[in-house]
Amino acid sequence: MITSDQTIAYARATNDPIPEHLSGELAPPVFAIVPVWEVVVEAVMGAAPIEALALILHGEQDIRIHRPITPGMDLRSSAAVVGVRPKASGTSVVVRTATHAGDDLVNEQVITAFIRGWTGMAFGDPAPVHDFDEALRSRPATTVTARIDPDQTFRYAEAAGDPMPIHLDDGIARRAGLPGIIAHGLCTMAFTSWAAIMAVGGGDPRTLRRLAVRFSQPVLPGQEITHSFWPVAPGVVQFETVSDSGAVVIRNGLAEFGRL
């Protein structure tokens, strides 16, 4: 059963300023990954060898929200691999999840894991497309800037139950070819969620219906990140996130808002 302590911890670990999240009234949108994490890993490992676990990168995340998660919900989640797409440098594994509270569908997610250096057998479908329309750059954008705290990865790992060593151990991160400890991609995505709610959703977290991103570059603790939102249609924006080094860390961002 989901508790308010869990959801508040997640909000604090992602610097979420939304009052409903900080009070425990509603879970932040990207908290949706927490109840499904174990079944996602199980699904991916059913399609790839166990030694591939250390080679996995999080490629994309697409969350469709049917109703917000609230404390007290008893959630049931399932996950299945729906596509395997080999490429020259590795293989993308596409996992689809569904989370229910009783008979009610709470959210659906499509998670794309990229396994470096492994070639799988192609089958199924690719992840849903949410490519950025480059023509939007000629339009004005709404921007929100935030900073990743030096201790962000440690706080996020505890709140999300994601203790991957590249987020916590500098030596392991460097041996993996990274510049040091990097922020969890889902932590950065959580930053985009509250930024979108504030900039586009009028501050009302109940209106966010979909959030989709592609993780393109790592974010380092201490960096400042800026989200830029371009309107596409009423209640729909595309966005990207750039770090203070100039790297685009989130590409092909899409947020959709509407009331149930």
Looking only at the range 199-214, which residues are open to solvent by less than 30 Å² (accessible area, probe 1.4 Å) and outside any loop (DSSP other than H, G, I, E, B)? Pro205, Thr207, Leu208, Arg210, Leu211, Ala212, Val213
Of the residues in the range 172-198, those that are exposed (fewer than 14 other Cβ atoms within 10 Å of the Cβ) and more than 16 Å from Pro218 (Cβ to Cβ) number 0
When you go through Ala183, Ala159 one by one, which is the residue that is in contact (Cβ under 8 Å) with a residue 24 or more places away in the chain, outside any strand (DSSP E or B) and touching a His at 6+ places or on another chain (Cβ under 8 Å)? Ala183
Open to solvent by 40 Å² or more (accessible area, probe 1.4 Å), under 19 Å from Pro128 (Cα atoms) and basic (Lys, Arg) - does that describe any residue in the range 247-259? yes
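Please find, among Ala113, Ala98, Ala79, the residue that is free of Cβ contacts under 8 Å to residues at least 24 places away in the same chain, in a strand (DSSP E or B), surrounded by 14 or more Cβ atoms within 10 Å (Cβ to Cβ) and touching a Ser or Thr at 6+ places or on another chain (Cβ under 8 Å).
Numbers: Ala113 fails: free of Cβ contacts under 8 Å to residues at least 24 places away in the same chain; Ala79 fails: free of Cβ contacts under 8 Å to residues at least 24 places away in the same chain.
Criteria check complete, one pass: Ala98.
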Given the conditions (1) over 23 Å from Glu256 (Cα atoms); (2) outside any helix (DSSP H, G or I); (3) open to solvent by 10 Å² or more (accessible area, probe 1.4 Å), and given that Thr91 satisfies all but one, which numbered condition is not satisfied? (3)
Members of the range 227-244 found to be assigned to a strand (DSSP E or B), open to solvent by 40 Å² or more (accessible area, probe 1.4 Å) and not aliphatic (A, V, I, L, M), listed by number: Pro231
Cβ-Cβ under 7 Å pairs, at least 6 apart or on other chains, the range 129-147 side closer than 23 Å to Ala183 by Cα, far side open to solvent by less than 80 Å² (accessible area, probe 1.4 Å) and hydroxyl-bearing (Ser, Thr, Tyr): Thr143/Thr226; Thr143/Ser228; Thr145/Thr226
State whether one or more residues within the range 162-177 are in contact (Cβ under 8 Å) with a residue 60 or more places away in the chain and not in a loop (DSSP other than H, G, I, E, B). no
Can you tell me which condition Glu38 does not meet? The list is (1) acidic (Asp, Glu); (2) assigned to a loop (DSSP other than H, G, I, E, B); (3) open to solvent by 30 Å² or more (accessible area, probe 1.4 Å), and all the others hold. (2)
For the range 13-25, how many residues are more than 16 Å from the chain's Cα centre (by Cα) and either closer than 24 Å to Thr145 by Cβ or outside any loop (DSSP other than H, G, I, E, B) (or both)? 6
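Return the residues of the range 41-76 that are part of a helix (DSSP H, G or I) and small (Gly, Ala, Ser); say none if nothing qualifies.
Residues satisfying the conditions are Ala43, Gly46, Ala47, Ala52, Ala54.
The values are calculated or read from the model by the stated rules, or taken from the named source; none is laboratory data. Everything quoted here is computed from the prediction, not taken from an experiment. Glycine also receives a Cβ, built like all others from the backbone with ideal geometry; neighbour counts cover every protein chain displayed. Accessible surface is based on the protein model in full, side chains and every heavy atom, while ligands, DNA and RNA are left aside. Shrake-Rupley method; radii C 1.70, N 1.55, O 1.52, S 1.80 Å.
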